[in-house]
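The values are calculated or read from the model by the stated rules, or taken from the named source; none is laboratory data. Remember, predicted model here, so these are calculated numbers, not experimental data. Cβ coordinates were reconstructed from backbone atoms using ideal geometry, including for glycine residues, and neighbour counts include every protein chain displayed.
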Amino acid sequence: MDTGPITSTSPKPADFMWGPKELPKVAPLPPDSPWVKYLQLHFPRENLNALCEHAAHLQSNMSRMLSSEMNRLSKRARATAQKMKDAIMGRD
């Protein structure tokens, strides 16, 4: 998967290392919000709780996958840099 050239504005590995406590904070909807009323009307509380748990599980999996991919890319970049250094120094 080619993501294009690396630029000074490319995300840094630390940008992807989100933990559960580091997620962006979102203000809760006011109780009289039409969205709250819609959810309460169409979804029982148990379903919403299950949905929230599922979302947290998905976030955790995505965080692990991103971390794993960043580690893989980092190892690949180090290996490539070492090959380039060896080529410049005349080592095979």
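A few notes on this one:
- Taking the stretch 33-92 as the range and being of a type outside the set (A, V, I, L, M, F, W, C), modelled with pLDDT of 90 or more and over 29 Å from the mean Cα position of the chain (by Cα) as the test, the residues that pass are LYS83, LYS85, ASP86.
- Breaking point among (1) farther than 20 Å from ALA77 by Cβ; (2) surrounded by 10 or more Cβ atoms within 10 Å (Cβ to Cβ); (3) modelled with pLDDT under 80, for PHE16: (1)
- Long-range neighbours under 7 Å by Cβ, at least six apart or interchain, first residue in contact (Cβ under 8 Å) with a residue 60 or more places away in the chain within the stretch 61-81, second part of a helix (DSSP H, G or I): SER74/PRO13
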